[in-house]
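Working notes for the structure below.
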Amino acid sequence: MSTSPKSRWTTSEAERLYGFNRWGTPYFSVDKEGFVCAHPDADERTVRIDDVIKEAASKGIKAPMVIRFQDLLRNRVQRLNKAFADSIAEENYPARYRGVFPIKVNQLREVIEEIRDAGEAHGYGLEAGSKPELLIAMAMHQDSQGLLICNGYKDEDYIRLALNYRKIGKEIILVAEQLSEVELIIKVSRELRVEPLVGLRAKLGTRGEGKWAMSTGDNAKFGLTSMEMLEAARMLEKADLKESLRLLHFHIGSQVPNIITLKNAVVEATRYYCQLKKMGFPMGSLDVGGGLGIDYDGSRSNYESSTNYSLEEYARDVVYNVKQICAKMKVPCPDLTTESGRAIVAPHSILITEVFERISKRESLLKVRKDEIKDQVVSDLHEMLYGRNKYGALEIYHDALQKKEEADSLFSHGYLDLVGRAQAESLFWQICDRLEKKVYKTRGYQPEELIGLSELLSDQYVCNFSVFQSLLDHWALDQLFPITPIARLNERPSVNAILVDITCDSDGKVSKFIDLEDEKQYLPLHPLKKGDPYFLGIFLVGAYQDIMGDNHNLFGRVNEVHVFLDEDEDDGFYIEDTIKGYRMKDVLEGVQYSAEGLCQNLKRQIDKATKEDIVRPRDGVSFMELYEQQLQTKTYLNITKKKKRRAIAKKSAAPKEDS
Ligand SMILES: *Cc1c(COP(=O)(O)O)cnc(C)c1O
């Protein structure tokens, strides 16, 4: 079953093509029937994504949706803690690892709960970067033995909240980003009569790298320079709070692609730590921030969407370098804290979108017969396509391009009619098509323009989702995510496509894809089959993406299902929880329209039209009902594509569109 009958295409070829064996291990693979499978706990237990989609559909939950694998979250927390525990044991490191999860990377309650529970045995804590996140952190921290670290700009209320939490005996550390915060901390702690735990954020000289590099360096938004650090230390000392300075923090930016950058930053920060310790402050903790990356393209390189190191290597490097520097400086080793967010949550969720339309240049091409041609320019193109040709591919391409431009210009000036222009365009695309096939077969170097033909000829697959809601970093920062069909991987993909979303924005598309070298301009996919839904999975979207959407075109949050492994079930899982995506009513209320007000406004117009006999009362009423009913439905397209047979057989059992 691993090969489809027509070709020698195998599922392992699909795994290679889409990179499952690189970015996907150990969590995603393709089974022998060509379905994408998840292994949430990185073991032999397997869940077919397609089964989850079907099960969700039976509960009335449709794509676009996010599938969260809760066990995968757990696995990541354990893996990070184990990596540090192992490195600490290997190096005989004389202090502890006490990681925290930065809430901003995924604030969803179910995500935070799972991480907290998984981290409980390891004393894994939480990090807040804003006041709303602090409210979450304090409530969710419960009886955790982990730290609670407060970053971000702080006003007096932020500090007052945190110090009240300190007052009930919690290990909450206020990390000062700037001198004015030190002042506020001193003031509020006097007022509340509580001894604060204070950290200082260093503005390192070590430069970040990658898309999020601006978190360090002289122009960074955050952190204290060496002069300010000295001043902060003096301020605390003068306020009789010398005992309060406990932690040194830095954050070099997210998704650091190069391990060397991280090592340099750790070395620099450890020097700061040791200096403060030698000045007589108690210290005790070094917090190396976030930055631990995810290898989105699987290339294991220092390319922006990749990392040239593993999670385990990162842990070893932190432990080793801190130990080395502390030994040299004769300072006791600190407890180590990381604030890894992306590395914990990115793999656990998948965005599922349905392709519902194919826009193809090839599909509407005219077959141009010689005797139908009236214009010289068309006849020239016809000759290029069908005549004998002694020129090379690149030259043919240039000639054809010139003729096409000539045809466009003749049309603009009124010398070519619509039929003539359509003929010219059809012939041009057919020439390109033929050249592309030839280039595809040729080995070795090919000029850029010819390689670009595949991109030029790519089809557009229209997908029911919004890039702005669900893949914000792809739009804003060109971040790449692995994208694959979730079934039919035992068939050779024969269509090169780019993806377009349903927003009215020409930026709402995905036209850059992961590749081992650099990036690809199209994604090989399968032709759509009538009546069969075709789903794509966009992977590793659990960090930032699935929580950050921007409501462009008012599409809003998508549906969600939360999946748990369960050996007692035939398909190995159950859906514990579902979260319904936004209804139209919800997003409209978000921009200040009340459903009631909208209905009244429309009703007034319908009443007027009824009075004036423009519309029959009965039709007016049913229009009003439609409007009211639509307010309660989902914002995304309601695609109803069912196999005819099944649609009839299951009609009565079919779930209602979720609302
Ligand atoms: C965003 C942020 C993090 C998380 O970074 P990741 O690269 O996602 O691990 C950690 N610490 C601070 C201060 C941050 O701002």
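For this structure, a couple of remarks:
- Of all residues making up the stretch 367-388, the number that are surrounded by fewer than 15 Cβ atoms within 10 Å (Cβ to Cβ) and within 48 Å of the chain's Cα centre (by Cα): 2
- Any hit, the stretch 260-278, residues being part of a loop (DSSP other than H, G, I, E, B), more than 9 Å from the ligand (Cβ to nearest atom) and at pLDDT 95 or above: no
- Inside the stretch 310-363, residues that are within 16 Å of the ligand (Cβ to nearest atom) and assigned to a loop (DSSP other than H, G, I, E, B) make up a count of 5.
Residues are listed down the side, and each one gets a yes or a no for (1) away from the ligand (no atom under 13 Å from the Cβ); (2) more than 24 Å from S310 (Cβ to Cβ); (3) surrounded by 16 or more Cβ atoms within 10 Å (Cβ to Cβ):
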| site | (1), (2), (3) |
| --- | --- |
| P64 | yes, yes, yes |
| R76 | no, no, yes |
| F84 | yes, no, yes |
| Y97 | yes, no, yes |
| P102 | no, no, yes |
| E114 | yes, no, yes |
| P132 | yes, yes, no |
| D143 | yes, yes, no |
| G152 | no, yes, yes |
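- Residue in the stretch 298-306 that is within 28 Å of L108 (Cβ to Cβ), within 16 Å of the ligand (Cβ to nearest atom) and in a helix (DSSP H, G or I) present: no
Quick grid of which residues meet (1) assigned to a loop (DSSP other than H, G, I, E, B); (2) free of Cβ contacts under 8 Å to residues at least 60 places away in the same chain:
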| position | (1), (2) |
| --- | --- |
| P94 | yes, no |
| E114 | no, yes |
| A118 | no, yes |
| L134 | no, yes |
| A137 | no, yes |
| Q145 | yes, yes |
| Y153 | yes, yes |
| Y165 | no, yes |
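Let's see how each residue does on (1) outside any helix (DSSP H, G or I); (2) in contact with a Pro (Cβ under 8 Å, 6 or more places away or on another chain); (3) hydrophobic (A, V, I, L, M, F, W, C):
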| position | (1), (2), (3) |
| --- | --- |
| Q460 | yes, no, no |
| W475 | no, no, yes |
| L480 | yes, no, yes |
| L489 | yes, no, yes |
| N496 | yes, yes, no |
| L499 | yes, no, yes |
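- Residue in the stretch 479-492 that is free of Cβ contacts under 8 Å to residues at least 40 places away in the same chain and out of contact with any Ser or Thr (no Cβ under 8 Å at 6 or more places or on another chain) present: no
- Filtered residues of the stretch 230-259 (kept if assigned to a loop (DSSP other than H, G, I, E, B), within 14 Å of the ligand (Cβ to nearest atom) and either touching a helix residue (DSSP H, G or I) at 6+ places or on another chain (Cβ under 8 Å) or among the basic types (K, R) (or both)): F250, H251, I252, G253, S254, Q255, V256
- Exactly one residue among L126, L197 is among the aliphatic types (A, V, I, L, M), crowded, with 24+ Cβ neighbours inside 10 Å and within 15 Å of the ligand (Cβ to nearest atom), and that residue is L126.
The values are calculated or read from the model by the stated rules, or taken from the named source; none is laboratory data. Just so it is clear, the structure is predicted and the values come from calculations on it, not from any experiment. Here Cβ is always computed from backbone atoms with ideal geometry, including for glycine, and neighbour counts include all displayed protein chains.
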